[in-house]
Protein chains: 2
Amino acid sequence: MSAFATQHAAAGRRVVLITSGGTKVPLESRTVRFLDNFSSGRRGACSAEYFIDSGYAVVFLHRHRSLYPYSRMFSTINVMDALQLTSGDEASGSADEVLVNPQVLPNIAKVLKKYHEVKDGGLLLPIEFSTLSEYLHLLKAAAQALSTIGPKAMFYLAAAVSDFYIPASEMPEHKIQSSNGPLQLSLNMVPKILSPLVKDWAPQAFVISFKLETDAAILLDKARGALKNYRHQAVVANVLDSRRGYVVVVTPKTQDELILTEEDVKNEVEIEEMIVSNLTSAHNRFINQQAS
Amino acid sequence: MSAFATQHAAAGRRVVLITSGGTKVPLESRTVRFLDNFSSGRRGACSAEYFIDSGYAVVFLHRHRSLYPYSRMFSTINVMDALQLTSGDEASGSADEVLVNPQVLPNIAKVLKKYHEVKDGGLLLPIEFSTLSEYLHLLKAAAQALSTIGPKAMFYLAAAVSDFYIPASEMPEHKIQSSNGPLQLSLNMVPKILSPLVKDWAPQAFVISFKLETDAAILLDKARGALKNYRHQAVVANVLDSRRGYVVVVTPKTQDELILTEEDVKNEVEIEEMIVSNLTSAHNRFINQQAS
């Protein structure tokens, strides 16, 4: 990962680490049951594409099986329904071929071309996690690797990370038996990773956290509280029900509302394009300030 | 669903209801956090294919985004890596086409053909759930619909269903705040659905439950206990670590060990083929006994 960062930085590219998807918190060490956080990984997968379009290289730290850049276009359909069989030409001896039906996925050729360019260019480094502890370890390693490129590194922490966990020492080995009656769970607090990330692991980087609430009334206070606590650069604040059409980018001095209009929705504009545009500009200014 | 059952029964087909994947148990009514049960849905998706091969029509009650019959072949790869772009012929004006690379997915044409046959024949009725309560309601409705065909209906309950839940009345509306400190959860027992299913909803049907344990030592006792409690026809017992290569089909009078040999694995035989073969024979005998 350190080579990925230095190589892209040498080529004049910035590098963003995107975290995406929810973390799994096991309730048993041989895990049958776990706690999870709601997240399809859509925000992260989608943002990765826009960061690449903006000239960034992307480390994509994502939950196993969550949405993935480019192939996310298959997420709402059954792949099989997008495929059609063409009979081969017997005379020439050509075999049956399976084609993607362009009526089902009109953009497939364009998106596939882009996917291959990104892959061939080594612009996307995918890393998978499932559990909270995998996430925490990988984020630490990634942060230390990216610290080598200083302010050119951005952290875009969109993953839905659990606030609670059961320590290994308090976890039963085997599947909890329902014959033992109702279940009482005591969960400990997960240490806030933002604190060592900003202070110790990548102190020169441009760091963005995400704040998701279900109650709009407390959202901005929570976002400002996080900025004050961790002293990072920005919080993307959003409410569960409206997250696809409305976010607020909060920094210590500014507060930008990004809103998707009906016109935008009609034109298939995604709010992630606006978020990424806002933050890459802010990252620009941040780098220039550090240099001056 | 009732029309699906009677129509297939009239055509001489048996109908199996397969449940597949894990259930989601929300911790908040505007859900950010939830409890889940480990299950990719592989067992159910895979079994559905073998039941169809054995002449059954299948109601596939599965967790949203869990593995699906036929398209499960894409589950271990990124779809994009299986696709290739061919340039259209400019002279004839044909457009670019996107093909499935047969080197990545050698069986794709065969599987796709099968998928279309099954779809055109109306042999697979997919129904999705996410939460435990959706699962329980849909299973009840399905059981009552299938009861119309009596012993020709099979229930193959492979889903990983939570034993615990938080009642709506005890659930907070909004996202639980980590600033409130460590989390204490009290979970109630989920009523055992097998009991009304066997007694009231589909009393003539052939019912198979699944028992997954992490501790092999208690597995068979648990399976026999379930048979004794619910008086259904069979339990497929398996241990988490060995579930893909070893199961025991337990009935009140028999106990069949099904084991995948190294030779089987080499020949890509799946244990679900053996499970389905064992159970369809048992279902045969069950129907004949009812008739005599």
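The values are calculated or read from the model by the stated rules, or taken from the named source; none is laboratory data. The shown structure was predicted, so the numbers you read here are calculated from the model rather than taken from an experiment. Because the Cβ atoms are built from the backbone with ideal geometry, glycine has one as well, and the counts that use them run over all protein chains shown. Note: accessible area is taken over every heavy atom of the protein model, side chains too, but ligands, DNA and RNA are not part of it. Shrake-Rupley method; radii C 1.70, N 1.55, O 1.52, S 1.80 Å.
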Reported to the nearest 10 Å², residue B:29 has, with a 1.4 Å probe, an accessible area equal to 70 Å²
Name the residues of the range A:104-128, by number, that are at least 50 Å² less accessible with every protein chain in place than in the isolated chain; the surface is that of heavy atoms, probe 1.4 Å, without ligands or nucleic acids.
A:112, A:115
Taking a label point 7 Å from Cα toward Cβ, how far is residue A:113 from its twins in the other copies, in nm, shortest first?
3.3
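With n ≥ 4 as the cut-off for DSSP H runs, can you work out [θ] at 222 nm for chain B, using -39500 (n - 2.57) per run divided by the number of residues, rounded to the nearest 500?
Here the helix-only value at 222 nm equals -9500 deg cm²/dmol.
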What quantity of accessible surface, computed with a 1.4 Å probe and excluding non-protein components, is buried in total between chains A and B, in Å² to the nearest 100?
5800 Å²
Based on a Kirkwood Rh over C-alpha pairs, give the Stokes-Einstein translational diffusion coefficient of chain B at 20 °C and viscosity 1.002 mPa s in µm²/s.
102 µm²/s
Per residue of A:179-189, how many C-beta atoms from partner chains lie within 10 Å of its own C-beta, taken as a mean?
5
To the nearest 20 debye, what is the magnitude of the charge dipole of chain B about its Cα centre, counting +1 on the Cβ of each Lys and Arg and -1 on the Cβ of each Asp and Glu?
1260 debye
Need the list of aspartates and glutamates near residue A:192 for cross-linking: C-alpha distance under 16 angstrom, and skip anything on the same chain fewer than eight residues off.
A:134, A:163, A:200
Towards the positive end of the charge dipole of the range B:2-291, with charges on Cβ (+1 Lys, Arg; -1 Asp, Glu), say which of B:274, B:146, B:239 has the farthest Cα.
B:146
Interface residues, the range A:71-87 - accessible area loss of 20 Å² or more versus chain alone, probe 1.4 Å
A:71, A:74, A:75, A:78, A:79, A:80, A:81, A:83, A:85
For the range B:2-291, give the percent of accessible area contributed by carbon and sulfur heavy atoms, probe 1.4 Å, rounded to a whole number.
49 percent
Put the label 7 Å from Cα along Cα→Cβ for residue A:167; what are its distances to the other copies, in nanometres, shortest first?
3.4
List the residues whose amide H sits under 5 Å from the amide H of residue A:17, counting only those 5 or more places along or on another chain, with H placed 1.01 Å from N in the peptide plane.
A:59, A:154, A:155, A:156
Considering only protein heavy atoms, what per residue accessible area in square angstrom results for the range B:2-291 with a 1.4 angstrom probe?
45 Å²
10 Å Cβ shell holding at most 12 others, DSSP loop, GluC sites (Glu not before Pro): longest site-free stretch of chain B
B:174-267
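Would you mind telling me the antiparallel percentage of the DSSP bridges in the range A:2-291, rounded to 5?
That works out to approximately 35 percent antiparallel.
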Taking each residue of B:153-164 in turn, how many C-beta atoms of other protein chains fall within 10 Å of its C-beta, and what is the average?
2
Counting DSSP beta bridges with both ends in the protein assembly as shown, the antiparallel % (nearest 5):
40 percent
Taking the Cβ-Cβ separation of residue B:277 and residue A:174 as r and a Förster radius of 35 Å, what is the calculated FRET efficiency to the nearest 0.05?
0.70
Got the residue B:262 label distances to the other copies yet, label 7 Å along Cα→Cβ, in nm, shortest first?
6.8
